[in-house]
Every structure is written in C-alpha cells, then in structure tokens.
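Heads up, the thing below is written out as structure tokens.
The values are calculated or read from the model by the stated rules, or taken from the named source; none is laboratory data. Keep in mind that what you see is a predicted model, and the values were worked out from it rather than measured. Counting neighbours? That spans all protein chains shown, and the Cβs are built from the backbone with ideal geometry, glycine included.
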Amino acid sequence: MVTKVLCVAEKPSIAKAVANHLAGGQVTVRNVTGNQYLKNYCFHYNFPTWGPCDVNMTSVFGHLQSHDFADQYRYWKSCDPSQLFEARIETSVDESNKPVAKNIETQARYSSILYIWTDCDREGEHIGAEIRDVAVRSNPRLGERGKTVRARFSNIERAHIINAARSPVPLDEAQANAVSSRIELDLRTGASFTRNLTMSLQGMLPQQGDGQKSQVISYGSCQFPTLGFVVERYFRVRNFVPEQFWSIKVMHEKNGIKVNFRWARNHLFDRMVVVVLFERCLAAKKAKVDKVQTKPTSKWKPLPLTTVELQKCGSRFLRMDSHRVMQVAESLYTKGWISYPRTETDQFDRGMNLQALVQKQTQSRTWGQFAQGLMNGGFAQPRDGRNNDKAHPPIHPVNFVEQTALSAEEAKVYEFVARRFLACCSQDAKGSKTEIGISYGPETFNASGLTVLERNYLDVYPYDRWTSSQELPQFRAGEEFEPTEARIQDGKTSPPGYLTEPELIALMDANGIGTDATMAEHINKIKERKYVDTRPRGRRPRQDDNDDEASDYEAPAEHEAEPARGRGRGRGRGRGAAGRGSAAANGRNSGTSGVQEFIPTTLGVALIEGYDNMGFEISLAKPFLRKEMELKMKAICEGRKTRHEVTQETIEQYREVYMRTQQRMQVLKDSVRRYVTNQA
DNA sequence: GCAAGGTC
C-alpha cells in the first residue's frame, strides 16, 4: 500500500520548485477550479520516513483564514468600541480562499501525511497551523501526533530541498501561538481605537467636498508609530535653533598644490576659546609634520540585497517610492526574473551555486562583460550580513532578461538587482590612503588623500561613489613649514531635514515596526489617511554640523562596517541621520534628488501631539508598545509565556489607555481643533 | 468604514 502525502507550500512558486526538485521531471500538473494560480503537482517520491509515496504538492496564498468580530459587533454602531476588547472573534475562510481550502480538504481526505512547506518564520508556522485546521476538517487523523509535519528549509536549491524532505519536524506550536496573539491584539486594538477616534473626531474635520464619506481616523500598532517618526522629525526641524561655531582653518600650498588641514577639534561653540587657541598657533609660527602615513584601504562591496535595502535604494537611486519598488519587484518575481523580493536575509547560503547565476548575466550588453570577468576568475564569495530569516535568500536575479523586454520601471529595478548581485560577487574596491598629521602650536590638524587603485565592484555598481581626491604633495615627518594661510572661520549648525523615505524605512526597521513585506504599506497608509504629505526634497544647503539629529528612538542599525573613510567623515553626524553610505549620494544629489520627504499634516500633528499631551507613560505615538509586543511574542516562542497570558495582559494595557483616552478626549479634541481649524 | 500579516 503506497502512502499518500499531501504537501502544502505557502505560495505557488515554492510548490512548483519543490515538486520539480523532488520529482525530477516526472510531475503531473493539475489545475484547480476557482483559482487560476492554484495547481496540484502529483508525483512519486521515496521519503526515508515513509518509503515510496504518492505525493500531491499544492499551496495556499499566504494566510488561509481570516478573523473578524462576531456579527453583533461587526457594524460600527452595533456596540461601544471598548467592547471590542473582549468581543468574540470568529475565524473563517474568505471567499477568495474558498477554492484553496476546498482543494486542501479534498486532497487531505485521501492522505495519511500532511507535510507543511510554508516559510520557516513565525507567520509561516501559523499558516501551517491554518492548513492543518482545514485539512483536519475532512481527515481528523491528520490531527494525530506525527501525521502533520513540516519541512525545514531556507532556500529552494535542489540539494537543500531534498535534504529538507528527508527530515521532517513537528510544527512549532509556540510560534503559531505567538502569531495568534498578534492577530488578536492587532484586531482588537486597531478596531476599537479606530472606531473611537473616527466617531469622536470626524465631526471636527473639514467635510470632504465631493460628497464622499467622511474620512476614517485609524489607529494601528504600526501606522501610528510610523506617523510618530514623521512628526518627531518635523518638530526637530521646526524647533531647531541654529548655533554659531568657530573653527581654525589651516591651508598650505606646496608644489603648487593647496592642502586644507582639518582641525582635530573640528569646531567649538565658544569663540573666545577658539581665539585663544588660534593665537597660540600663530605664536608658534611654524607647523610641524608629525605623521605621514600611506596605507592600503578598501571600500567594501555591498551586502546581499534585502527588502529593506531594496526599498531604501529605490528611493535614493531609482526615484521610486518604496511601495512602487515593491510592486515592480513583485512583478519581476512573478515573471521569473528575480528571486522572492520579501526577505530579511543578507547572507547567501554556502550551498548556493552563485556562479551559475553570474553566468546568466554574461548575456547582458551592458554588464555582461563584467559578469564574464567574474567567470574568468574575478568571482569572490559575497560578504555575510547579520540577518538571516531562514525563509528566503537575498534578492538576486534568477534569469537574464533583456532590458527591452521590460517596462521602464521594471528595467530599472531589474538592473539594480542584477548589478547589486554582481557587485556582491566581485572584489572590494582597493585604494591607498595617505594621512598627514601636523601640529601647529598646541593644536593638531589633519589632511588625507585617497588614490583609488582598483575599482573592482564599483565598475558594475554605479550607485556607490569612491573617487580619488586631489593628490597630496610630498611631506616628510619632522618637516616644518609656515602655513600659507591660517584663520578663524565661523559657521552655524543647520537644521536636520524633514524625514525622507529611506530614513523612515530605516527607523521602522530598527524599531521593529512592520515587516519587510508591510513597511511600504504602512507608509502608504499614513498618506492615504491624510496624516502626512510628501514632496520631493528641495535644495537645502547642508552644513557640516548636525549634532542635533540624535533621536529618542532606536537608531537604524549600521549594517555596513566600512573600513574606508575615503570621503572624509570627520563630521559629528547623529546616528539617526541619513545613515552612512547615503552621505555621498545625498550630497551628490542635493538639489535635484528624487528623494521624497515627509511632512505631517495638521491632522497628523494633532493626533500625535494629542496622545503625547495626555501624559501616559507609554504613548501610542511612540514605537515602544509595538516593541514590547515583539518581545512578548518572542517570550511565547521560547515558552516563557503563554498566548493567553500575553493576550490578556496586553489587552489590559490597551484598555487602560483606551479609558484614559476617553477621559481626556477633550485634550485630543482641543489638539485637533487647534491644528485643523487653524489650517482653514 | 476598522489592524497587520501573508500572498497573486
């Protein structure tokens, strides 16, 4: 008797790939009525665990089940919004998912093993549990121990998949429970606060002119902190008070080359101190060369491409907002040109055959030559970043396609993905850096020069700049000279800019707001809700100093440790600023850059201000609540808390905030009135 | 009319 195994993947692409790997070409593909993308792949496979089997491999399309309040709570005026904290929640299968669920039920009836092939992350574990739920409806025995298993895999390389097929593991119930908790909390808090805000405040907003329904004022654990970041930066810009500073400038001309030396103290905010130090320099008459050092340096090639990085680069280099970049990337993925575009992973699996992928790119008329160079010995294993979601590899081109076969936007994104991949597979850029240190009286000054020796990856990756500086004249250690020019220079600190999209994404990423797949949606949501406006960043003179950019929040992680400081970084930039690596790009593009900046509307400001002024210990406007939820989910995954405990204690927390919001709704109304009414 | 998370 041949064992029947039902395999279910999270998406059709995985089902297809896994079926092809396991079946070795002997696959029968059957369409399923009701959904043109849904297929059953039938083949034989000899699983070590169960022996020779008849396999049916199919998929879902992400979450299979939906959750909503029971009927008596579903309509806005049917209950007080606070009742939604305990209202019964029903689980169902959406109309669009009915054919998918039916297919699983039908197939499960004849199967003795349910083998889950969803992504190996928390959501994937929950989707696995949803699939099991549906399968058990028609075949209860699949609910028995050992009858439902899952595959552990992190990419769809043949060897990796075959290996995963050999060693099924149980579903991780803890992870699935953590997600159940998240789903429930997001629904209860989102719906209750949204209804309450909308019904309390909408009368105060200007009526929509075109006879539309008046707007929804929504709360969500992700959209509110996202708005909070925009507002926080807005106030830092608005409240910025420029501060004057002074520095000592030393220039020396030698062999016809003018060298500017940077003061080791950069600048000071006390003019008298600078004057005194300057006079001591002058009194010394001569400067002395302390150090002449030439050493090799390099500019590291970029890390393998993650979704967040793709979105940031899209804003910076391709002039597409994150939402658009993702749409385009998805279409490239569905057409089979690039790998799955939603990934947090910046490490390529050691087992992956990267050279085969490089080989495909040799066909390109523009970067094919470079790819050929990699095939001829230039190839180097990509760097490893710090992130691995164990579900997907970094974004990379899987097949070559002519630019002309794509839309203009697709071509731009494909080119970026291809060039980024080739850059990852090549060598770091190499250069030579000379540093000259002088002492002038009691003060020290430095100058540095860079010579780029081998461009390497830079040749295929025009998005990075690294150029030789003007050559430095020869100096000898111990040499003395009287500087051609020495004087005091003054300047003032300049305000930070409004938040740009790449900065916002970086903040969300660092604070765990949303996932790689949803960050762009949250940004879109706060635009849709009219909490923020965007506009292209205009020309804005940037001065050297932005010490005031420090933020109260987690600053974006510094993903790249660049050894080279070729472009001279000795500026006290706050960590929360545009981020390293972008400095050159922003500088280059300032004035004409396509980067969008975010400015809160009066409504957006009113909401955030309103909650901040209510004086809770934890404001809904700040990212800490969401972060706490993330920690609690982790606790469930690690068995330190139960789903029930987390749900209950979090509900109580929000209920408290809700009640106090009710009590102080007047504060919020005043805030809205102050801002929104003034606008008119 | 509501959230955030999957995915086509």
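A:HIS44 falls short on exactly one of the conditions (1) surrounded by 15 or more Cβ atoms within 10 Å (Cβ to Cβ); (2) away from DNA strand B (no atom under 14 Å from the Cβ), and that condition is (1).
In region A:208-220 there is no residue matching the filter, namely being away from DNA strand B (no atom under 15 Å from the Cβ) and in contact with a Lys or Arg (Cβ under 7 Å, 6 or more places away or on another chain). Taking each residue of region A:303-327 that is assigned to a helix (DSSP H, G or I) and looking for partners that are crowded, with 24+ Cβ neighbours inside 10 Å and among the basic types (Lys, Arg) with beta-carbon atoms closer than 9 Å, six or more apart or interchain, yields A:GLU309/A:ARG420; A:LEU310/A:ARG420; A:CYS313/A:ARG420; A:SER322/A:LYS312.
Taken as a whole, the condition of being within 28 Å of A:PRO140 (Cα to Cα) and within 14 Å of DNA strand B (Cβ to nearest atom) applies to A:PRO99. Listed conditions (1) assigned to a loop (DSSP other than H, G, I, E, B); (2) in the same structural domain as A:TRP337 (by TED's automatic domain parsing); (3) crowded, with 19+ Cβ neighbours inside 10 Å are all met by A:PHE475, apart from (2). Scanning region A:64-81 for residues that are in a strand (DSSP E or B) and more than 7 Å from DNA strand B (Cβ to nearest atom) yields one hit, A:GLN65.
Only a single criterion out of (1) within 13 Å of DNA strand B (Cβ to nearest atom); (2) in contact (Cβ under 8 Å) with a residue 40 or more places away in the chain is not satisfied by A:LYS527, namely (2). Quick check on A:SER192: is it part of a helix (DSSP H, G or I) and either more than 24 Å from A:CYS79 (Cα to Cα) or not charged (D, E, K, R) (or both)? In short, yes. Looking for something among the hydroxyl-bearing types (Ser, Thr, Tyr) and under 30 Å from A:LEU197 (Cα atoms) - is there at least one such residue anywhere in region A:114-137? No; the residues of region A:114-137 include none that is among the hydroxyl-bearing types (Ser, Thr, Tyr) and under 30 Å from A:LEU197 (Cα atoms). Only one of (1) of a type outside the set (A, V, I, L, M, F, W, C); (2) in contact with a Pro (Cβ under 8 Å, 6 or more places away or on another chain); (3) under 23 Å from A:ARG137 (Cα atoms) is not met by A:GLU10, so which one is it? Result: A:GLU10 passes all but (2).
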